[in-house]
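Undergrad: Below you will find the structure I want to go over with you.
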Amino acid sequence: MSRVRADEEEYWHSSKFRAFTFDDEDDELSQLKESKRAVNSLRDIVDDDDDDLERVSWSGEPVGSISWSIKETASGSTSSLDGRDSSLQKGSSSYAALPKQASSYSLSSLFKGRNKLSSFQSLSDALTDTGVKNYAPELRRPKAEYKDYSSDWSPKDTVRRMQRGKVCSLERFRSLQDKLVLLDEAVAGHDGNVITAVLIFLKRTLRREILFRELEVRQVALCHLIHFLRETGEQKFLLDLLRFLDRTEEVALSQYREHLNIQDVEKRREFLKGCIGLPFSAEDASHIQDHYTLLERQIIIEANDRHLEMAGQSELFRKYPRKASILNMPLVTTLFYSCFYHYTEAEGMFSSPTNLKKTFKIPDKQFVLTALAARAKLRAWGDVDALLTTKNWLGYTKKKAPIGFHRVVEILQRNSAPVQVLQEYVRLVDDVETRLNLATKYKCHDVVIETYRDLKDRIQLTAYKGKVERGSAEEEKINSILSN
């Protein structure tokens with residue numbers, strides 16, 4: 001018996017079949033050392049009656065060796081092994097004499113917790129039970145299975161995986177050159193999400209000066225970063241980037257946008273006052289000045305009107321209560337408000353529509369359109385007539401509408417103007433076809449009759465007679481024209 005043990009020991013030390021190297025001291029390789037010790041203890045499991053029988057597999061490796069066990073584990077199923085054994089029995093007469101139960105002592109059986117008595121234990125029980133040596137820890141999985149988590153991906157492969165939605169760690173790209181290659185590959189891939197993800201990584205891992213210098217020659221990536229910073233509201237970082245690029249006007253506009261985050265009206269007014277001196281273009285500087293002036297006017301108008309409304313001193317405010325504050329409203333809304341509540345005020349008042357028109361250089365067409373809508377809403381038809389009436393240098397008056405009388409008619413009809421008022425402005429529409437369409441649509445019968453009379457269209461006039469009420473003044477007018 002001792003001789004057999006000595007031979008077995010010599011065989012283990014002289015065998016050429018070695019699957020792993022047990023020199024590394026990390027955790028997983030320490031488990032492999034434990035596996036080796038468990039394999040060396042297999043002799044305690046095998047019966048003494050089988051000592052002088054060497055079990056081999058088709059490959060010629062002794063059954064129970066580590067390399068044989070790995071191959072048997074990789075084969076995946078016992079049925080495939082049985083099939084292979086049967087084929088081997090048919091193909092090799094020398095193998096037919098070997099016992100079939102040799103595989104029952106394979107290392108894979110031990111991994112499954114199976115001992116000679118076919119009892120099962122958990123791996124934790126086997127590790128804690130020092131009296132039983134029937135188990136070995138799981139071997140390291142093939143490296144290919146960890147390929148998705150490998151740190152060996154090139155920048156190009158990393159970008160491709162990110163485009164497919166797979167998780168990739170960018171931390172392995174530590175040198176500046178690797179990071180720039182990664183950014184160039186992302187830009188070349190034309191995927192905005194990947195470019196933004198890489199830029200976020202660079203923004204976190206590079207100093208600002210280095211990042212700004214490299215982005216200056218990469219305009220596509222630069223535009224992505226500027227848009228990202230504006231969307232996320234990283235104002236300080238954005239301003240530093242724009243200053244580095246010497247984009248003074250964009251710096252000023254970015255600072256000006258900060259007024260949107262200021263809720264207190266007095267603080268916003270002071271902020272806008274400070275923005276006037278920023279390096280804007282000539283056109284933008286004019287808009288900033290107008291914005292500040294408008295807000296200043298709105299503060300004054302709001303304070304006076306709130307006092308009048310609360311005191312109940314104005315009949316207009318009692319009849320038409322204000323629905324909202326005028327503060328921070330656009331210029332056109334402020335003009336409509338002024339035309340609605342302060343139309344008759346003198347030009348010297350801040351709330352006067354004429355004062356607003358001159359101060360902010362509002363075009364005549366915009367002023368007439370806004371004032372007409374406000375006065376028509378109040379059904380102040382006299383103000384509408386005065387708004388559209390002009391005098392020449394000889395003192396003659398005439399109706400004039402910069403927006404066109406067809407639009408005047410539409411606005412008046414939308415505010416429920418009476419037919420008599422509508423007819424007056426429908427007659428002033430120059431285009432005959434448009435005039436007839438509007439007159440027919442809004443039932444301005446006198447305009448339709450007069451137009452057909454001027455056209456001397458007896459057929460159309462006769463046909464229109466059937467559309468008016470019998471015995472009405474319009475029917476009598478049509479009969480009079482037809483009989484003349």
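Undergrad: What distance in nm separates the simple spin-label points at Phe237 and Asn415, each placed 7 Å from Cα in the Cβ direction?
TA: 5.2 nm
Undergrad: For the stretch 152-246, what % of the accessible area comes from carbon and sulfur atoms, probe 1.4 Å?
TA: Carbon-and-sulfur percentage of accessible area, whole number: 50.
Undergrad: What is the diffusion coefficient of the stretch 152-246 in µm²/s, taking the Kirkwood radius over Cα pairs and the Stokes-Einstein relation at 10 °C with a viscosity of 1.306 mPa s? Intermediate results must be reported in sequence, preceding the final value.
TA: Details: Rh = 13.5 Å.
Reported coefficient: 117 µm²/s.
Undergrad: Find how much the distance from Ser175 to Phe244 grows on full extension, using 0.36 nm per residue of separation minus their present alpha carbon separation; answer in nm with one decimal.
TA: Values: separation 69, 0.36 × 69 = 24.84 nm, distance 2.33 nm.
Computed gain between Ser175 and Phe244 is 22.5 nm.
Undergrad: For the stretch 317-395, what's the relative contact order in percent, using C-alpha pairs closer than 8 Å and at least 6 residues apart? If you can, show how the numbers build up before the last one.
TA: Details: 53 pairs, mean separation 18.3, N = 79.
The value is 23 percent.
Undergrad: Along the charge dipole of the stretch 380-477, pointing to its positive end and built from +1/-1 on Cβ of Lys, Arg, Asp and Glu, which listed residue (Thr462, Leu436, Gln420) has its Cα farthest out?
TA: The residue sitting farthest along the positive end of the dipole is Leu436.
Undergrad: Taking 0.36 nm per intervening residue step and subtracting the Cα-Cα distance, what contour gain separates Ser480 from His227 on full extension?
TA: Result: 83.7 nm gained on full extension.
Undergrad: Need one number: nm distance between label points at Lys399 and Thr359, each 7 Å from Cα along Cα→Cβ, rounded to one decimal.
TA: Simple spin-label model gives 3.4 nm for this pair.
Undergrad: Glu433 to Arg213: extension gain in nm, 0.36 nm per residue of separation minus the Cα-Cα distance?
TA: Going from the current span to full extension adds 72.6 nm.
Undergrad: At 20 °C and 1.002 mPa s, grab the translational diffusion coefficient of the stretch 262-362 from Stokes-Einstein with a Kirkwood Rh over Cα pairs, rounded to a whole number in µm² per second.
TA: The calculation lands on 147 µm²/s.
The values are calculated or read from the model by the stated rules, or taken from the named source; none is laboratory data. Computed from a predicted structure; not experimentally measured. As a convention, Cβ positions derive from the backbone with ideal geometry for all residues, glycine included, and neighbour counts pool all protein chains shown. Areas reflect the complete protein model, heavy atoms only, side chains present, ligands, DNA and RNA absent. Shrake-Rupley method; radii C 1.70, N 1.55, O 1.52, S 1.80 Å.
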